[in-house]
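*Asks:* Before we start, here is the structure in question, set down as C-alpha coordinates.
The values are calculated or read from the model by the stated rules, or taken from the named source; none is laboratory data. What you see is a predicted model; the values in this text were computed from it and never measured. Because the Cβ atoms are built from the backbone with ideal geometry, glycine has one as well, and the counts that use them run over all protein chains shown.
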Amino acid sequence: MERFADEALVLGTVDFGDADRIVTLFTRGHGRLSAFAAGARKSKKRFAGALEAGTHLTARLVTTHGDTCRLDGVDVIRSFHHVRDDLAHIARALYCLELCRELSRDNQPNDALFDALVHYLGLLDDKKAGPTSLIKFELDALQYTGFMPHFSPCALCGQPTGDRPRFDPEHGGVVCAACAPRVPRGVAARPEVVDALARLQAGERKPLPPELRARSRELLNLFIAHHLGRKLKSVEFMEQVGTD
(Lines give C-alpha, C1' and ligand atoms only; values in the text may rest on other atoms or scores of the structure.)
Protein backbone atom coordinates (compact mmCIF):
# COMPACT_ATOMS: atom_id res chain seq x y z
CA MET A 1 0.00 0.00 0.00
CA GLU A 2 1.10 3.54 -0.74
CA ARG A 3 -0.08 6.71 0.93
CA PHE A 4 -0.27 9.88 -1.10
CA ALA A 5 -2.07 13.23 -1.24
CA ASP A 6 -3.44 14.86 -4.37
CA GLU A 7 -5.40 17.95 -5.33
CA ALA A 8 -8.86 16.83 -6.43
CA LEU A 9 -12.39 17.76 -7.41
CA VAL A 10 -15.32 15.62 -6.32
CA LEU A 11 -17.13 14.47 -9.46
CA GLY A 12 -19.78 12.46 -7.64
CA THR A 13 -20.53 9.95 -4.91
CA VAL A 14 -22.47 6.69 -4.54
CA ASP A 15 -23.71 5.39 -1.19
CA PHE A 16 -22.29 2.03 -0.19
CA GLY A 17 -23.77 0.01 2.63
CA ASP A 18 -25.19 1.82 5.65
CA ALA A 19 -22.41 4.29 6.30
CA ASP A 20 -19.85 4.36 3.49
CA ARG A 21 -19.47 6.07 0.13
CA ILE A 22 -17.63 5.50 -3.11
CA VAL A 23 -16.28 8.85 -4.26
CA THR A 24 -15.29 9.62 -7.85
CA LEU A 25 -12.44 12.12 -7.83
CA PHE A 26 -10.77 14.00 -10.64
CA THR A 27 -7.24 14.46 -9.35
CA ARG A 28 -4.48 16.64 -10.69
CA GLY A 29 -1.73 14.03 -10.41
CA HIS A 30 -3.59 10.77 -11.05
CA GLY A 31 -6.54 11.67 -13.26
CA ARG A 32 -9.91 10.14 -12.49
CA LEU A 33 -10.07 7.63 -9.67
CA SER A 34 -12.52 5.99 -7.29
CA ALA A 35 -12.00 6.15 -3.54
CA PHE A 36 -13.70 4.27 -0.72
CA ALA A 37 -14.70 6.63 2.10
CA ALA A 38 -15.47 4.51 5.15
CA GLY A 39 -18.09 6.02 7.45
CA ALA A 40 -18.52 9.07 5.21
CA ARG A 41 -22.27 9.14 5.69
CA LYS A 42 -22.09 9.11 9.48
CA SER A 43 -18.80 10.70 10.51
CA LYS A 44 -19.10 14.48 10.76
CA LYS A 45 -15.53 14.76 11.96
CA ARG A 46 -13.67 12.99 9.14
CA PHE A 47 -15.31 14.51 6.07
CA ALA A 48 -17.70 17.17 7.42
CA GLY A 49 -19.72 17.52 4.22
CA ALA A 50 -16.59 17.91 2.12
CA LEU A 51 -17.65 15.22 -0.34
CA GLU A 52 -20.32 17.29 -2.05
CA ALA A 53 -20.09 17.24 -5.86
CA GLY A 54 -17.78 19.96 -7.09
CA THR A 55 -15.78 20.47 -3.91
CA HIS A 56 -12.14 21.35 -4.51
CA LEU A 57 -9.93 19.65 -1.96
CA THR A 58 -6.71 17.90 -1.07
CA ALA A 59 -7.42 14.19 -0.73
CA ARG A 60 -5.34 11.90 1.47
CA LEU A 61 -5.43 8.51 -0.20
CA VAL A 62 -4.10 4.98 0.22
CA THR A 63 -3.70 2.55 -2.66
CA THR A 64 -5.31 -0.86 -2.26
CA HIS A 65 -5.14 -4.13 -4.16
CA GLY A 66 -8.08 -3.28 -6.43
CA ASP A 67 -8.92 -0.30 -8.63
CA THR A 68 -10.39 1.71 -5.73
CA CYS A 69 -8.22 3.70 -3.33
CA ARG A 70 -9.07 4.33 0.30
CA LEU A 71 -9.89 7.92 1.21
CA ASP A 72 -8.46 8.61 4.65
CA GLY A 73 -9.18 12.32 4.88
CA VAL A 74 -9.59 15.61 3.06
CA ASP A 75 -8.73 19.28 3.41
CA VAL A 76 -11.14 21.59 1.62
CA ILE A 77 -9.57 24.17 -0.69
CA ARG A 78 -12.85 25.68 -1.90
CA SER A 79 -16.40 24.42 -1.62
CA PHE A 80 -17.97 26.73 -4.25
CA HIS A 81 -20.96 26.96 -1.92
CA HIS A 82 -22.42 30.05 -3.64
CA VAL A 83 -23.15 27.88 -6.68
CA ARG A 84 -25.92 26.29 -4.64
CA ASP A 85 -27.72 29.66 -4.35
CA ASP A 86 -28.97 29.44 -7.94
CA LEU A 87 -30.65 26.46 -9.59
CA ALA A 88 -29.32 27.38 -13.02
CA HIS A 89 -25.78 27.48 -11.62
CA ILE A 90 -26.31 24.12 -9.95
CA ALA A 91 -27.43 22.66 -13.28
CA ARG A 92 -24.41 24.05 -15.13
CA ALA A 93 -22.00 22.83 -12.45
CA LEU A 94 -23.45 19.32 -12.45
CA TYR A 95 -23.28 19.25 -16.23
CA CYS A 96 -19.59 20.21 -16.27
CA LEU A 97 -18.77 17.65 -13.59
CA GLU A 98 -20.53 14.88 -15.51
CA LEU A 99 -18.88 15.95 -18.76
CA CYS A 100 -15.43 15.82 -17.18
CA ARG A 101 -16.17 12.49 -15.54
CA GLU A 102 -17.05 10.99 -18.93
CA LEU A 103 -14.24 12.66 -20.90
CA SER A 104 -11.47 11.93 -18.38
CA ARG A 105 -9.81 8.56 -17.94
CA ASP A 106 -8.66 6.56 -14.93
CA ASN A 107 -5.07 7.23 -13.95
CA GLN A 108 -4.53 9.69 -16.81
CA PRO A 109 -3.76 13.21 -15.50
CA ASN A 110 -5.00 16.15 -17.54
CA ASP A 111 -3.82 19.45 -16.07
CA ALA A 112 -5.53 21.57 -18.73
CA LEU A 113 -8.94 19.99 -18.12
CA PHE A 114 -8.48 20.12 -14.34
CA ASP A 115 -7.59 23.82 -14.41
CA ALA A 116 -10.47 24.61 -16.77
CA LEU A 117 -12.98 22.93 -14.46
CA VAL A 118 -11.62 24.69 -11.36
CA HIS A 119 -11.74 28.01 -13.21
CA TYR A 120 -15.30 27.54 -14.46
CA LEU A 121 -16.61 26.47 -11.04
CA GLY A 122 -14.94 29.58 -9.64
CA LEU A 123 -16.72 31.77 -12.18
CA LEU A 124 -20.04 30.20 -11.22
CA ASP A 125 -19.30 30.68 -7.52
CA ASP A 126 -18.38 34.34 -8.07
CA LYS A 127 -21.51 34.95 -10.19
CA LYS A 128 -19.32 35.85 -13.16
CA ALA A 129 -20.21 32.98 -15.51
CA GLY A 130 -22.54 34.12 -18.26
CA PRO A 131 -24.40 31.47 -20.31
CA THR A 132 -21.89 31.66 -23.17
CA SER A 133 -19.07 30.68 -20.81
CA LEU A 134 -20.58 27.19 -20.53
CA ILE A 135 -20.27 26.69 -24.29
CA LYS A 136 -16.68 27.90 -24.12
CA PHE A 137 -15.98 25.43 -21.32
CA GLU A 138 -17.42 22.57 -23.39
CA LEU A 139 -15.27 23.49 -26.38
CA ASP A 140 -12.17 23.67 -24.18
CA ALA A 141 -12.98 20.36 -22.46
CA LEU A 142 -13.40 18.63 -25.82
CA GLN A 143 -10.12 20.09 -27.05
CA TYR A 144 -8.17 19.05 -23.95
CA THR A 145 -9.41 15.46 -24.23
CA GLY A 146 -8.82 15.00 -27.95
CA PHE A 147 -12.42 15.30 -29.15
CA MET A 148 -12.32 18.83 -30.59
CA PRO A 149 -15.03 19.32 -33.24
CA HIS A 150 -14.16 21.25 -36.40
CA PHE A 151 -16.32 24.27 -37.20
CA SER A 152 -14.02 25.98 -39.70
CA PRO A 153 -12.89 25.05 -42.28
CA CYS A 154 -14.73 22.00 -43.67
CA ALA A 155 -13.74 18.88 -41.71
CA LEU A 156 -13.36 16.87 -44.92
CA CYS A 157 -11.88 19.06 -47.64
CA GLY A 158 -10.49 22.02 -45.69
CA GLN A 159 -12.42 24.59 -47.73
CA PRO A 160 -14.70 27.29 -46.22
CA THR A 161 -17.94 25.81 -44.88
CA GLY A 162 -20.04 28.25 -46.93
CA ASP A 163 -23.71 29.16 -46.54
CA ARG A 164 -25.13 25.60 -46.48
CA PRO A 165 -23.01 23.73 -43.93
CA ARG A 166 -23.94 20.41 -42.39
CA PHE A 167 -22.82 19.07 -39.03
CA ASP A 168 -21.79 15.45 -38.70
CA PRO A 169 -20.15 14.20 -35.46
CA GLU A 170 -18.98 11.00 -37.15
CA HIS A 171 -16.80 13.00 -39.52
CA GLY A 172 -15.54 15.45 -36.91
CA GLY A 173 -17.80 18.47 -37.26
CA VAL A 174 -18.99 20.83 -39.99
CA VAL A 175 -18.72 20.04 -43.69
CA CYS A 176 -19.39 22.25 -46.69
CA ALA A 177 -22.19 21.78 -49.24
CA ALA A 178 -19.81 20.12 -51.72
CA CYS A 179 -18.93 17.42 -49.16
CA ALA A 180 -22.48 17.04 -47.83
CA PRO A 181 -23.26 13.96 -50.01
CA ARG A 182 -20.47 12.15 -48.19
CA VAL A 183 -22.18 12.64 -44.81
CA PRO A 184 -25.76 11.36 -45.24
CA ARG A 185 -26.32 11.42 -41.47
CA GLY A 186 -25.29 15.05 -41.14
CA VAL A 187 -27.78 17.68 -39.98
CA ALA A 188 -28.25 21.15 -41.41
CA ALA A 189 -26.46 23.85 -39.43
CA ARG A 190 -27.06 27.57 -39.64
CA PRO A 191 -23.98 29.45 -40.91
CA GLU A 192 -24.20 32.03 -38.11
CA VAL A 193 -24.14 29.23 -35.50
CA VAL A 194 -21.13 27.59 -37.13
CA ASP A 195 -19.37 30.96 -37.25
CA ALA A 196 -20.16 31.70 -33.60
CA LEU A 197 -18.76 28.34 -32.46
CA ALA A 198 -15.65 28.80 -34.59
CA ARG A 199 -15.03 32.20 -33.03
CA LEU A 200 -15.50 30.88 -29.49
CA GLN A 201 -13.18 28.01 -30.27
CA ALA A 202 -10.58 30.52 -31.47
CA GLY A 203 -10.72 32.36 -28.17
CA GLU A 204 -13.36 35.07 -28.63
CA ARG A 205 -15.25 35.89 -25.42
CA LYS A 206 -18.17 37.89 -26.88
CA PRO A 207 -21.49 36.67 -25.38
CA LEU A 208 -23.88 34.99 -27.79
CA PRO A 209 -27.57 35.91 -27.98
CA PRO A 210 -30.06 33.30 -26.68
CA GLU A 211 -31.02 31.91 -30.09
CA LEU A 212 -27.40 31.28 -31.09
CA ARG A 213 -26.69 29.72 -27.69
CA ALA A 214 -29.62 27.36 -28.06
CA ARG A 215 -28.61 26.23 -31.54
CA SER A 216 -24.98 25.90 -30.46
CA ARG A 217 -25.96 23.71 -27.54
CA GLU A 218 -27.96 21.46 -29.87
CA LEU A 219 -24.89 20.82 -32.01
CA LEU A 220 -22.61 20.26 -29.02
CA ASN A 221 -25.10 17.91 -27.36
CA LEU A 222 -25.25 15.92 -30.60
CA PHE A 223 -21.46 15.78 -30.86
CA ILE A 224 -20.90 14.78 -27.23
CA ALA A 225 -23.64 12.14 -27.24
CA HIS A 226 -22.17 10.60 -30.39
CA HIS A 227 -18.68 10.29 -28.97
CA LEU A 228 -19.75 9.14 -25.51
CA GLY A 229 -22.43 6.79 -26.81
CA ARG A 230 -25.20 8.40 -24.77
CA LYS A 231 -26.75 11.70 -23.83
CA LEU A 232 -25.51 13.07 -20.52
CA LYS A 233 -28.09 12.81 -17.74
CA SER A 234 -27.42 16.37 -16.61
CA VAL A 235 -28.56 17.69 -20.01
CA GLU A 236 -32.10 16.67 -19.10
CA PHE A 237 -31.80 18.46 -15.75
CA MET A 238 -30.66 21.62 -17.52
CA GLU A 239 -33.64 21.38 -19.83
CA GLN A 240 -36.00 20.90 -16.89
CA VAL A 241 -34.52 23.90 -15.12
CA GLY A 242 -34.83 25.92 -18.30
CA THR A 243 -31.19 26.92 -18.54
CA ASP A 244 -28.76 26.70 -21.45
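*Asks:* Report the residue count in the range 64-79 for those that are buried (at least 16 other Cβ atoms within 10 Å of the Cβ) and closer than 30 Å to Gly242 by Cα.
*Replies:* Qualifying residue count for the region: 1.
*Asks:* If the Cβ limit is 9 Å and pairs must be 6+ apart or interchain, which residue in the range 118-134 that is surrounded by 14 or more Cβ atoms within 10 Å (Cβ to Cβ) pairs with which residue that is at pLDDT below 95 and of a type in the set (Ser, Thr, Tyr)?
*Replies:* Taking only residues 6 or more apart or on different chains, the pairs are Pro131/Thr243; Leu134/Thr243.
*Asks:* Shifting gears a bit: Given the conditions (1) surrounded by fewer than 16 Cβ atoms within 10 Å (Cβ to Cβ); (2) outside any helix (DSSP H, G or I), report the number of the one that His82 does not fulfil.
*Replies:* Evaluating His82 over (1) surrounded by fewer than 16 Cβ atoms within 10 Å (Cβ to Cβ); (2) outside any helix (DSSP H, G or I) leaves (2) as the failure.
*Asks:* Tell me which residues, restricted to the range 131-175, are within 23 Å of Glu211 (Cα to Cα), of a type in the set (Asp, Glu) and not in a loop (DSSP other than H, G, I, E, B).
*Replies:* Passing the criteria: Glu138, Asp140, Asp168.
*Asks:* Taking the criterion of being within 25 Å of Phe26 (Cα to Cα), among the aromatic types (Phe, Trp, Tyr), crowded, with 19+ Cβ neighbours inside 10 Å and assigned by TED's automatic domain parsing to the domain that holds Ile90, would at least one residue in the range 212-226 satisfy it?
*Replies:* Checked against the condition, which is being within 25 Å of Phe26 (Cα to Cα), among the aromatic types (Phe, Trp, Tyr), crowded, with 19+ Cβ neighbours inside 10 Å and assigned by TED's automatic domain parsing to the domain that holds Ile90, the range 212-226 yields at least one hit.
*Asks:* Kindly indicate whether any position in the range 91-103 is in contact (Cβ under 8 Å) with a residue 40 or more places away in the chain, on the phi > 0 side of the Ramachandran plot and of a type in the set (A, V, I, L, M, F, W, C).
*Replies:* Looking for residues that are in contact (Cβ under 8 Å) with a residue 40 or more places away in the chain, on the phi > 0 side of the Ramachandran plot and of a type in the set (A, V, I, L, M, F, W, C), one finds none in the range 91-103, hence no.
*Asks:* Residues in the range 60-71 that are of a type outside the set (Ser, Thr, Tyr) and touching a residue at least 40 places away in the same chain (Cβ under 8 Å): how many?
*Replies:* Selection size over the range 60-71: 4.
Quick grid of which residues meet (1) surrounded by fewer than 18 Cβ atoms within 10 Å (Cβ to Cβ); (2) farther than 30 Å from Gln240 by Cβ; (3) at pLDDT below 95; (4) outside the structural domain of Ala116 (by TED's automatic domain parsing):
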| residue | (1), (2), (3), (4) |
| --- | --- |
| Leu11 | no, no, no, yes |
| Gly17 | yes, yes, yes, yes |
| Leu25 | no, no, no, yes |
| Ala38 | yes, yes, yes, yes |
| Ser43 | yes, yes, yes, yes |
| Gly49 | yes, no, yes, yes |
| Val62 | yes, yes, no, yes |
